[in-house]
Amino acid sequence: MRPVGPPRAPGCEECLRLGAPWVHLRQCLTCGEICCCDSSPMRHARAHAAVTGHVVVRSIEPGESWRWCYADEQFV
């Protein structure tokens with residue numbers, strides 16, 4: 001992981017391309033991509049982790065500051 005800076009998109013980057021809805025947003029802490037959570041229909045954050053190996057994300061929801069590791073399925 002490295003510092004990725006503020007979110008670079010106003011929503012899930014893949015959902016925005018597809019015109020799909022999302023529930024909550026996560027930011028990849030390896031590359032900075034903004035993806036949707038597991039409660040969202042497309043689950044892009046989990047898919048991004050599986051394809052890229054970028055397994056740690058942070059919530060970018062207001063008032064939340066937690067991080068999640070998809071490899072270990074736990075908060076970090």
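Some values worked out for this structure:
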{"quantity": "Mean separation of Cα contacts under 8 Å (6+ apart) over length of the chain, as relative contact order %", "calculated": "24"}
{"quantity": "Value at 222 nm in deg cm²/dmol, rounded to 500, when DSSP H runs of n ≥ 4 in the chain each add -39,500 (n - 2.57)", "calculated": "-5000 deg cm²/dmol"}
{"quantity": "Whole-Hz couplings from phi, Karplus 6.51/-1.76/1.60, listed for segment 60-76; x for Gly and Pro", "calculated": "10, 6, x, x, 10, 9, 7, 10, 10, 10, 6, 5, 9, 6, 7, 5, 10"}
{"quantity": "With DNA, RNA and ligands ignored, accessible area of Leu29 (1.4 Å probe; Å², nearest 10)", "calculated": "10"}
{"quantity": "Dimensionless Rg ratio for the chain, taking C-alpha atoms and the 2.2 N^0.38 Å reference", "calculated": "0.98"}
{"quantity": "Phi to ³J(HN,Hα) by Karplus 6.51 cos²θ - 1.76 cosθ + 1.60 over segment 9-16, Hz, x for Gly, Pro", "calculated": "9, x, x, 4, 4, 6, 4, 4"}
{"quantity": "Rounded Å value of the spacing that divides the Cα centres of segment 15-46 and segment 59-74", "calculated": "13"}
{"quantity": "At R0 = 22 Å, FRET efficiency that the Cβ-Cβ distance of Val76 and Val51 yields, to 0.05", "calculated": "0.60"}
{"quantity": "Apportionment of accessible area to carbon and sulfur, the chain, percent (1.4 Å)", "calculated": "56"}
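The values are calculated or read from the model by the stated rules, or taken from the named source; none is laboratory data. Every value quoted in this text rests on a predicted model; they were computed, and no experiment measured them. FYI the Cβ positions are ideal-geometry reconstructions off the backbone, even for glycines, and counts take in every protein chain you see. Keep in mind that these areas ignore ligands, DNA and RNA; they rest on the heavy atoms of the full protein, side chains included. Shrake-Rupley method; radii C 1.70, N 1.55, O 1.52, S 1.80 Å.
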